[in-house]
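The values are calculated or read from the model by the stated rules, or taken from the named source; none is laboratory data. In this text the structure is predicted, and so the values were computed from the model without any measurement. Cβ atoms come from the backbone with ideal geometry, glycine included; neighbour counts cover every protein chain shown.
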Amino acid sequence: MRLRKLVAAAVPLPALLGLAVAVPAAAATEPLVTLADNAAPLIDSARTGDVAADRPIAAALSLKLHNQQALEKFLADVQNPASPQYHHFLTPAQFNAEFGPTQAEVGKVVSFLEKSGATGIEVSGNRQAITFTGSAARLESAFHTRIGTYHDRVSGRDFFANDAAPAVPADVSGVVASVVGLDNHAVRTHSASVRPNVVKSVTPPVLKTAHGTSGLSATGSGVKVGFVEFDGYQKSDIGKYDSTYGLSAGPVTTVPVSGANYDSSPGDGQVEVELDIEVVHALAAAASDYVYEAPNSSAGELAMYQKIASDHTVNVVSISWGACESAEGASAAKSVSNAIATGTAEGISYFAAAGDDGTTDCYRQTGSTAKSVDFPASSPNVTGVGGTKLSVTSSNGYSSETTWNDGNSGGSTGGGISTVFAAPSWQSAQSTTYRKVPDVAADASPTSGYYIYSAGTWETVGGTSGAAPLWAAFATLQNQIHGGGLGNLNPKFYAIGNGSSYGTGFHDVTTGTNSLNGTTGFSAGTGYDQVTGWGSFKGSGLSGLIG
């Protein structure tokens, strides 16, 4: 529930191509091509009218990558210890030269947008995405579909969406993979939750002892961590947490995306942002933090992931905001996944919360009890993190873990099977055609939740939103120990899980289910399962197996 510099990060188009001129779209005299996977998610929705013609809509075009098969092979080889490519990650310039859209292709698309009357046109630094704004009437003309207002019969939410899959001129379709933002059906939500009845909150000393990281000669120093956020935070809260636990923390820097910066007046998501940062500080305080803040929209989401990849500032990314796949939509999910694949090829490691609604990930977003998984945890280049309930000894040592499932009123770890992404090769032993999640897990139960300082008060927070930054913190320590970026760690995790060293690196969680909202889920068991993945990390043990 819940984007290597070639030009610079996101370059305002006027600096490149001159000011966009709002002119009427040209008559559609050339052949049109319908964009696959771009139909809006209109299941259980009723059209209630037309969007006002002058309503401004922020949207984005995701451009096609070149040599897709070669990219997939590189992503496999760069994580294969037997390959000469192992951990030889690409620079941004190398990625752009081999796989990115050309400047000529960008120019073709920009010309199309200008003729369509789009304004605020902005090209991502790696040329993979172009964000823009247009009135509903101009976007209807440009993409040859009406845009209507809809009412979701299940959730009761009103939204706007394109009535049909968009179409573009044939020469543009050869460059453009998808258009996102013609609907606002998906709203990315966070899974952080504050609840009473706490058994024992986890603090930095508890986490370091229980997960065995105290003996690692690493603090996160020299590593840069990125946070995907759609709200703001207060540095004073982070400072209070650090000083309370004697943490020597690195700098925390906000990175605005598409003009968003929520820090002067954070909203309801403040607890999420501060949870993410403070949990990383619990294990890897000395890292430098970069908090990316973007508009909570499909265009904003794509711009953020593309900026993360094109900036190539960070080594590890923590993600606690997401949407169920059906609400996200296939076109938006695949566009963001391409941005993540770009960052992965450059050595960035991504960790995302698997959601808090069991196998019914859409429930809190749309009210649907159909089985679904959370995105971006389902992206093949992301480590999806599920949730457990952690028990520790009186001396803070590890005692046990069970599946986190507090029932319909409390939530449960997300897990299941993607309907968008095929199973990656490293998941073949799990007998699946489509990607399974989660991959790993960590504490997420509010009754054993994370004790954090947010909005001027101490509180205990749970959800897989806490589990994802904990794994990101562990990966941050590994970046320092191993002297550089590690990219997608899933191939390594699955190789360990399927091998004889499994018990050295992981706590296997074997009890509980993620059944929720009247829908039968999966059961935890020995080894991998779609409840807690391979389980939680044994700090020193798993560290010794990563190289």
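A few remarks follow.
- Flag if ARG195 is at pLDDT below 95 and under 24 Å from SER400 (Cβ atoms): yes
- Check on ASP242, under 19 Å from the mean Cα position of the chain (by Cα) and charged (D, E, K, R): no
- Residue tally, condition outside any strand (DSSP E or B) and either more than 16 Å from GLY463 (Cα to Cα) or not hydrophobic (A, V, I, L, M, F, W, C) (or both), over the stretch 365-397: 18
- Among the criteria (1) outside any strand (DSSP E or B); (2) within 27 Å of the chain's Cα centre (by Cα); (3) under 20 Å from ASN38 (Cβ atoms), the one PHE160 does not fulfil is (1).
- If you filter the stretch 201-231 down to residues that are assigned to a helix (DSSP H, G or I) and of a type in the set (A, V, I, L, M), you find that the one that is surrounded by the fewest Cβ atoms within 10 Å (Cβ to Cβ) is VAL206.
Here's the yes/no breakdown for (1) part of a helix (DSSP H, G or I); (2) touching a helix residue (DSSP H, G or I) at 6+ places or on another chain (Cβ under 7 Å):
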{"residue": "HIS66", "(1), (2)": "no, yes"}
{"residue": "GLN69", "(1), (2)": "yes, no"}
{"residue": "PHE74", "(1), (2)": "yes, yes"}
{"residue": "SER83", "(1), (2)": "no, yes"}
{"residue": "GLN94", "(1), (2)": "yes, no"}
{"residue": "GLY117", "(1), (2)": "no, yes"}
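- Figure legend. Inter-residue proximity from the stretch 350-379: first residues under 20 Å from GLY226 (Cα atoms), second residues hydroxyl-bearing (Ser, Thr, Tyr) and assigned to a loop (DSSP other than H, G, I, E, B), beta-carbon distance below 6 Å, spacing 6+ or different chains. Indicated pairs: ALA353/SER191; ALA353/SER320.
- Count of residues meeting criterion [of a type in the set (D, E, K, R) and either outside the structural domain of LEU470 (by TED's automatic domain parsing) or assigned to a strand (DSSP E or B) (or both)] in the stretch 340-364: 1
- Note on the stretch 205-248: residues that are in contact with a helix residue (DSSP H, G or I) (Cβ under 7 Å, 6 or more places away or on another chain) and among the β-branched types (Val, Ile, Thr) total 6.
- Evaluating ALA323 against the criteria (1) assigned to a strand (DSSP E or B); (2) over 30 Å from LYS200 (Cα atoms); (3) small (Gly, Ala, Ser) leaves one unmet condition, (2).
- If you go through the stretch 273-293 and keep only what is farther than 18 Å from ASP231 by Cβ, out of contact with any Asp or Glu (no Cβ under 7 Å at 6 or more places or on another chain) and either assigned to a helix (DSSP H, G or I) or hydrophobic (A, V, I, L, M, F, W, C) (or both), you end up with ALA282, LEU283, ALA284, ALA286, ALA287.
- Residue ID - modelled with the highest pLDDT, chosen from residues in the stretch 514-542 that are of a type in the set (Val, Ile, Thr) and surrounded by fewer than 21 Cβ atoms within 10 Å (Cβ to Cβ): THR526
To keep it simple, each residue is scored yes or no on (1) surrounded by 15 or more Cβ atoms within 10 Å (Cβ to Cβ); (2) not charged (D, E, K, R).
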residue	(1), (2)
ASP50	yes, no
ASP54	no, no
ALA59	yes, yes
LEU65	yes, yes
PHE74	yes, yes
PRO81	no, yes
PRO92	yes, yes
ALA97	no, yes
